[in-house]
Amino acid sequence: MKNSPNQARFLIAFLALAGIACVLWAITRYTSVGIHPYLLSGIRWATIAALCGYAFFRRSLTPWIFAGMLIGAEIGYDLQFMDSASRLRIANDLQVLSSVFLRLIKTIIAPLIFSTLVVGIAGHSNLKQVGRMGIKALLYFEVVTTIALFIGLGAIHLSQAGAGLTPPPNAAAATVNAPASKWTDVVLHIFPENIAKSVSEGQVLQVVVFSIIFGIALAMIGEEKRRPMLAFCESLSETMFKFTNIVMLFAPIGVAGAMAYTVGTMGFGVMTNLFKLLITLYAALIVFVLCVLLPVALIARLPIRRLIKAVAEPVTIAFATASSESALPRAMECMEAFGVPRQIVAFVLPTGYSFNLDGSTLYLSLASIFVAQAAGIHLTFGQQLIMVFTLMLTSKGVAGVPRAVLVILLGTLDSFHLPAWPVVLILGIDQFMDMGRTATNVLGNCLATAVVARWEGELNTEAPSPAVLDAVAQ
């Protein structure tokens, strides 16, 4: 779609008003000049209105999601002028919008993964390709997550964000009850004992394992018996993509609710106390994206601009909701539209949600050393390596839900006899940290899908389905 004059006007208005809002904020922040709060609020709302106008004429879901983020942040910020009880009550009410969106998304995950994987395996009857893809994907996952681990280690040692932190008065009472994970538990967690239970609990990896075995079994039976089930799965797959298109229309509202709750309950000032740690994490994530993911994309000869356009929407959703699951259906559609065959998308992307948590792995190595620095405990390099590799292993199979990584961190710290009180302090900004690491997880998995498709020589070899083309055209 060509840019309309109105679209350009609203974009220019948005950028101009955003600049004015930043200047006014800087004046009130760093000078003694007083500006009426209603004027500042009016400028911010005018900025948001200009973005909404741009999104209306742009006819794309991505700018509407950005607009939802800004609307939610502004509503949450405006709640600070109310009393504490009213602010928390309204923020909790607004959280219902994001909860509705996440619930609808979770209904899509299992049938979408099952149908696309079964069609990809049984429809092509190429079982050797499945095994080859699995080996390549796992090799790629482990190399990239290991690099992320060392970037996190280097970043926290450079910033020393935890050094000199004073324990709170109730530090002794901040204990951890989470049990330590054993390697046997990690292995058992991969395999489903009851597929209905796996679906209800959102265990993505278990659904993937079941779907792969089911697809292999279907590929091994005769054509007469295989065809009806294959036709059902093909129909289910197309239906779930259309279902995703409908649910995604609610995404800007769900994102607005999530941001309003986050800012309304925590405020922007919550970042002040642990600002150094927050900056360390985001700087490390940026270094990882620019120095690892970008070179990987260039080495694989992927079209960077098309890739950025394809991943923009799922990464934005993941950032706003701090949930990888919320972005999975849209990421599958966008990567298929990018040119990755559906059978590769259906295999690599969900598997990466358990084995390719780039942002979470980086965060775990960074946060674990932060805890040791805050507690004044010196760890040798060997001890640090053992701890962070333990964290990387125990994080495998974690469902893509908000702050699940924090549970892994707490349990592992207890195993290494490190105190929990620094993690209690991290809780204050964990929502903001979770947003960054979750967005990186989704970006890394989208890239991995394209890279594996390139390795298989199948990138841009199949035309996306009409349902997927309809989805990305929203």
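Out of LEU88, LEU94, LEU79, LEU102, which single residue is at pLDDT below 80 and part of a helix (DSSP H, G or I)?
Details: LEU88 fails: at pLDDT below 80; LEU94 fails: at pLDDT below 80; LEU79 fails: at pLDDT below 80.
Answer to the selection: LEU102.
If you scan region 107-146, which residues turn out to be modelled with pLDDT of 75 or more and open to solvent by 60 Å² or more (accessible area, probe 1.4 Å)?
Those that are modelled with pLDDT of 75 or more and open to solvent by 60 Å² or more (accessible area, probe 1.4 Å): THR107, ARG132, ILE135, LEU138, LEU139, GLU142, VAL143.
Among all residue pairs at least 6 apart or on different chains, which show Cβ distances below 8 Å where the first residue, located in region 148-172, is modelled with pLDDT of 90 or more and the second is charged (D, E, K, R) and open to solvent by less than 40 Å² (accessible area, probe 1.4 Å)?
ALA148/ASP358
Considering (1) open to solvent by 10 Å² or more (accessible area, probe 1.4 Å); (2) within 30 Å of SER60 (Cα to Cα), say which one MET332 fails and leave the rest.
The failed condition is (1).
So, ALA67, is that one open to solvent by less than 50 Å² (accessible area, probe 1.4 Å), modelled with pLDDT of 80 or more and either in a helix (DSSP H, G or I) or closer than 30 Å to GLY134 by Cβ (or both) or not? Step through it out loud before you land on a result.
Details: open to solvent by less than 50 Å² (accessible area, probe 1.4 Å): yes; modelled with pLDDT of 80 or more: yes; either in a helix (DSSP H, G or I) or closer than 30 Å to GLY134 by Cβ (or both): yes.
Yes: the conditions hold for ALA67.
Looking at SER32 and the list (1) open to solvent by 60 Å² or more (accessible area, probe 1.4 Å); (2) in contact (Cβ under 8 Å) with a residue 60 or more places away in the chain, which single condition is not satisfied?
Going through (1) open to solvent by 60 Å² or more (accessible area, probe 1.4 Å); (2) in contact (Cβ under 8 Å) with a residue 60 or more places away in the chain one by one, SER32 breaks only (2).
Show the residue pairs that are 6+ apart or on different chains and have beta-carbon atoms under 7 Å apart, the first residue being within region 371-384 and under 9 Å from GLY162 (Cα atoms) and crowded, with 18+ Cβ neighbours inside 10 Å, the second being of a type outside the set (Gly, Ala, Ser) and modelled with pLDDT of 80 or more.
Taking only residues 6 or more apart or on different chains, the pairs are GLN373/GLN160.
Could you tell me which numbered condition ILE90 fails, if it satisfies all but one of (1) under 18 Å from ALA256 (Cβ atoms); (2) open to solvent by less than 20 Å² (accessible area, probe 1.4 Å); (3) over 22 Å from the mean Cα position of the chain (by Cα); (4) of a type in the set (A, V, I, L, M)?
It is condition (2) that ILE90 fails.
The values are calculated or read from the model by the stated rules, or taken from the named source; none is laboratory data. Here the structure is a predicted model, which means the values were calculated and not measured. All Cβ positions, glycine included, derive from the backbone under ideal geometry; neighbour counts span all protein chains shown. Surface accessibility is based on the protein's heavy atoms, side chains included, excluding ligands, DNA and RNA. Shrake-Rupley method; radii C 1.70, N 1.55, O 1.52, S 1.80 Å.
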